[in-house]
1. When the residues of segment 4-29 are narrowed to those that are open to solvent by 30 Å² or more (accessible area, probe 1.4 Å) and among the small types (Gly, Ala, Ser), which ends up nearest to the ligand (Cβ to nearest atom)?
2. Do we have residue 248 as modelled with pLDDT of 95 or more, small (Gly, Ala, Ser) and either touching a strand residue (DSSP E or B) at 6+ places or on another chain (Cβ under 7 Å) or open to solvent by 60 Å² or more (accessible area, probe 1.4 Å) (or both) here?
3. Taking into account only those residues within segment 177-193 that are within 15 Å of the ligand (Cβ to nearest atom) and under 14 Å from the mean Cα position of the chain (by Cα), which is farthest from residue 206 (Cα to Cα)?
4. Only one of (1) loosely packed, with under 15 Cβ neighbours inside 10 Å; (2) modelled with pLDDT of 95 or more is not met by residue 217, so which one is it?
5. So residue 71 passes all but one of these: (1) touching a Gly at 6+ places or on another chain (Cβ under 6 Å); (2) under 26 Å from residue 202 (Cβ atoms). Which condition number does it fail?
6. Quick check: anything in segment 208-225 over 26 Å from residue 61 (Cβ atoms) and assigned to a helix (DSSP H, G or I)?
7. Do we find that residue 174 is over 16 Å from the mean Cα position of the chain (by Cα), surrounded by fewer than 18 Cβ atoms within 10 Å (Cβ to Cβ) and in a helix (DSSP H, G or I) in this structure?
Amino acid sequence: MKKKVTTHTILKMKRSGEKIAAITSYDFLSTKLIDETGIDLILVGDSLGMVIMGYENTIPVTMEEMIHHLKAVTRAKPSAMVAGDMPFMSYQASVEDAVRNAGRLVKEGGAESVKLEGGRRYVPVVEAIVHASIPVIGHLGLTPQSLHQMGGYRIQGRDDESAAGMVEDAAALEKAGCFSIVLEGIPSDLARRITEKVSIPTIGIGAGADCDGQVLVLNDMLGIHDRPLPRFVKVYDSLGDRIRNAVGEYVEEV
Ligand code: KIV
């Protein structure tokens, strides 16, 4: 069995040049299976709103839904580190809200770290959560909770000004105490720049191969989806078709 992955393990992996493999999970049995692969980081992402709950986007996801799925995942006692996403409006209104809600993900859900979207303006939030002894993962680039502000799911950091701003955001998040940063939907040369600039690991999704690690949404990479996937997603299986065929065969036999 793999040794328990902690923040120290994740930080050490960047220093030794070992890539970090991360994936989302939302339930007990999937987590057990995933953990047997030696995965480093399991993220109970607010993507559960779309792939589990059937919402249009991640915005309606509640703290209760996050805690419910975190409980299922952490009950599997994975060796991988478990991170819980802070859902929309659980940390935007005030620093106090943010600390209390991060605390709930840890205390009630069993998360070992939390992830939140946003750059420099969330420095006070990150600092306060870290002061409460909760490890934080930052999230820059295409941040799905800002869907309406971004005007859709668009690649971010294409122009010089926004790219430079994102490099500053990453440095600010590191200084505030984040132990890693997810980079989503940004050009690969920008992801490389950020990865070289910060000493904490970057974990990419649609950000090229030069990040310190990669993360994928489990359902997407297994081929269980009801909408077109982003182009960067590598689909490793067609489990959706296989479920349809298996259940179809059963129905026929009955
Ligand atoms: O919600 C999520 O699953 C995420 C990952 C895609 C990084 O934020």
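The values are calculated or read from the model by the stated rules, or taken from the named source; none is laboratory data. Remember, it's a predicted structure, so these values are computed and weren't measured experimentally. In this analysis, Cβ positions are derived from the backbone assuming ideal geometry, glycine residues included, and neighbour counts consider all displayed protein chains. When the accessible area is computed, the model is the full protein with side chains, heavy atoms only, and any ligands, DNA or RNA have been set aside. Shrake-Rupley method; radii C 1.70, N 1.55, O 1.52, S 1.80 Å.
1. Result: 21.
2. On the way: modelled with pLDDT of 95 or more: yes; small (Gly, Ala, Ser): yes; either touching a strand residue (DSSP E or B) at 6+ places or on another chain (Cβ under 7 Å) or open to solvent by 60 Å² or more (accessible area, probe 1.4 Å) (or both): no.
Answer is no for this residue.
3. Checking each candidate, the answer is 178.
4. Result: residue 217 fails condition (1) only.
5. Unmet for residue 71, out of (1) touching a Gly at 6+ places or on another chain (Cβ under 6 Å); (2) under 26 Å from residue 202 (Cβ atoms): (2).
6. Just the residues of segment 208-225 that are over 26 Å from residue 61 (Cβ atoms), to begin with: 208-210, 212.
Among the residues that remain, those that are also assigned to a helix (DSSP H, G or I) are: none.
Looking for residues that are over 26 Å from residue 61 (Cβ atoms) and assigned to a helix (DSSP H, G or I), one finds none in segment 208-225, hence no.
7. The answer is no for residue 174.
Residue-by-condition table, conditions (1) closer than 24 Å to residue 229 by Cα; (2) at pLDDT below 95; (3) in contact with a helix residue (DSSP H, G or I) (Cβ under 7 Å, 6 or more places away or on another chain); (4) of a type in the set (S, T, N, Q):
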position: 70; (1), (2), (3), (4): no, no, yes, no
position: 76; (1), (2), (3), (4): no, no, yes, no
position: 86; (1), (2), (3), (4): yes, no, yes, no
position: 90; (1), (2), (3), (4): no, no, yes, yes
position: 107; (1), (2), (3), (4): no, no, no, no
position: 117; (1), (2), (3), (4): yes, no, yes, no
position: 120; (1), (2), (3), (4): no, no, yes, no
position: 133; (1), (2), (3), (4): no, no, no, yes
position: 155; (1), (2), (3), (4): yes, no, no, no
